[in-house]
Amino acid sequence: MYTWHWEQIPQYFPLIGAATLRTLQISVVSIVLGSLLGALAGLMRVQPVRPIRFLAAAYVELLRNIPLMLVLYLIYFGLGAFFPVSPFWAAVVGLSVFEGAYVAEIARAGIESVDRGQMEAARSLGMSWLQSMRHVIVPQAVRRSLPPLTGQFVSLVKDSSLASLVSYEELMLVGRQINSRIFSPFEVFLTIGAIYFALCLTLSLLSRWQEARLARP
Amino acid sequence: MVSIRGASRRFSGGHYGVRGITLDVSRGETLVVMGPSGSGKSTLLRCVNGLERLDEGEIIIDGMRVNHETTDWNKVREEVGMVFQGFHLFPNRTALENLTLPQTVVRRRPAAEAKTVARALLDRVGLGGKESRFPAELSGGEKQRVAIARALAMNPKIMLFDEPTSALDPEMILEVLEVMRDLAGEGMTMLVVTHEIGFAREVAQRAVFLDEGLLVEAGPARDLIDRPETARCRAFMQRILRRPGGESVRPGPASESSWT
């Protein structure tokens, strides 16, 4: 019979709190970097020069078909053999590069979902490809991409738990450390789980509010 | 003003959009392009502003040879306005913003000046007071008039119209044709793909008939419509004149417009 020991948890609140902040930190930095990278790769996939398109496609396909854990190991242990890589940067670079590939696909789908006529109208008014993208296509694509992007960001927050494998002291790693001290897996991991749940739900709600705000005729 | 010399455009798969078309449009002239669907009318228009690339031949617009490798299409398109069958207004921008955006981005006009131009043009196409409407809040006819005003805001030397009224409900066709007629009256050079016989008769100086990518017949608009010389053109005219509502915008006592 399992004996509950919830009273063991509160003493670790400061530790868990600090770990939550670190999870938030790598998540937010990776969301920003991954989005920038993904937006760039997405644009590269729809622009007219073939070799550039190929380059972006190679990046996307490569990263989408290997596990994130492997990417993290390659950076932390692989690159780490050549120059010092801190757990923080290994996690952030790994997550950003990995999520960037998925964001690129979302960006490409968003751009391609905008009616072809929009580009033709913009071009026929004398705008360059880049101007048309910037002023006409991308604003429409971003709005349509918000729901899938949110899903991707939620995934990223959960994926950030893998940073524990490159010894970054985020929620998951701290949870494991606490559990090895008090051997109360349910209490520890349910607590950690509740924090992940709260973070991800907040993110979803924030973006739903943002979507509603952007919804114009 | 526009000189098209032996223009051909081949699509992947080998069939031609247009084949060896030679055509001149002089300054201030309105030329109507007619023909069955798939005859290359749209392709011809799209070649003039570079939305389609020419495979053979050349097009010269106001002295600029435009199908050369080194053609700066952005420069050319600044001088050539285009109006599409499907309007293609920017849906996330108001009517006014649809007109100011290209002015500020391409012509680099200050925002205030762009707004003044935009207001005047919207007024001119009968849409004063609807500046802050989004495209979804406008009727088809209103959308197309905004699209025309948007093209005019760039001060083009030539206007291309690709079936501008084909996507409109019948009661909205006239309001768009009115705007186009006024424009022609002011001396704009216009190349118009349309099946509106009434408009072609009254407004166009010349008309050409395309079929299967070839220029089959060219002549004064009235002659081409009323006395076509080739069998193919005659058959086409008979078909569109017979279709219900085919002559709905022809001047006549029943018409509410001022075509006469």
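The values are calculated or read from the model by the stated rules, or taken from the named source; none is laboratory data. Keep in mind it's a predicted model, so treat the numbers as computed, not measured. Neighbour counts are summed over all protein chains in view; Cβ atoms, including those assigned to glycine, are modelled from backbone coordinates with ideal geometry. Surface accessibility is based on the protein's heavy atoms, side chains included, excluding ligands, DNA and RNA. Shrake-Rupley method; radii C 1.70, N 1.55, O 1.52, S 1.80 Å.
What the table shows:
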read-out: Those residues of the stretch A:164-187 which are more than 18 Å from the chain's Cα centre (by Cα), among the hydroxyl-bearing types (Ser, Thr, Tyr) and in a helix (DSSP H, G or I), in sequence order; value: A:Ser180
read-out: Inter-residue pairs, beta-carbon under 6 Å, first free of Cβ contacts under 8 Å to residues at least 24 places away in the same chain and in the stretch B:16-34, second open to solvent by 60 Å² or more (accessible area, probe 1.4 Å), 6+ apart; value: none
read-out: Selection status of A:Phe153, among the aromatic types (Phe, Trp, Tyr) and touching a residue at least 12 places away in the same chain (Cβ under 8 Å); value: yes
read-out: Of residues in the stretch A:118-138 being at the interface with chain B (Cβ under 8 Å from one of its Cβ atoms) and open to solvent by 40 Å² or more (accessible area, probe 1.4 Å), the one nearest to A:Ala58 (Cα to Cα); value: A:Gln131
read-out: Test: residue in the stretch A:188-197 that is under 29 Å from A:Glu7 (Cβ atoms), among the hydrophobic types (A, V, I, L, M, F, W, C) and in contact with a Leu (Cβ under 9 Å, 6 or more places away or on another chain); value: yes
read-out: Number of the condition not met by A:Pro84 [criteria: (1) farther than 25 Å from A:Gln25 by Cα; (2) modelled with pLDDT under 95]; value: (1)
read-out: Any hit, the stretch A:110-117, residues being closer than 26 Å to A:Arg213 by Cα, of a type in the set (S, T, N, Q) and within 14 Å of another protein chain (Cβ to nearest Cβ); value: yes
read-out: Conditions (1) out of contact with any Gly (no Cβ under 8 Å at 6 or more places or on another chain); (2) open to solvent by less than 10 Å² (accessible area, probe 1.4 Å); (3) more than 15 Å from B:Gly213 (Cβ to Cβ); number of the one not met by B:Glu29; value: (2)
read-out: Residue in the stretch A:123-132 that is assigned to a helix (DSSP H, G or I), out of contact with any Phe, Trp or Tyr (no Cβ under 6 Å at 6 or more places or on another chain) and over 22 Å from B:Arg53 (Cα atoms) present; value: no
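Matching residues to (1) within 16 Å of the chain's Cα centre (by Cα); (2) outside any loop (DSSP other than H, G, I, E, B); (3) within 14 Å of chain A (Cβ to nearest Cβ):
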{"residue": "B:Val105", "(1), (2), (3)": "no, yes, yes"}
{"residue": "B:Gly128", "(1), (2), (3)": "no, no, no"}
{"residue": "B:Ser132", "(1), (2), (3)": "no, no, yes"}
{"residue": "B:Arg145", "(1), (2), (3)": "yes, yes, no"}
{"residue": "B:Ile148", "(1), (2), (3)": "yes, yes, yes"}
{"residue": "B:Ala151", "(1), (2), (3)": "yes, yes, yes"}
{"residue": "B:Leu168", "(1), (2), (3)": "yes, no, no"}
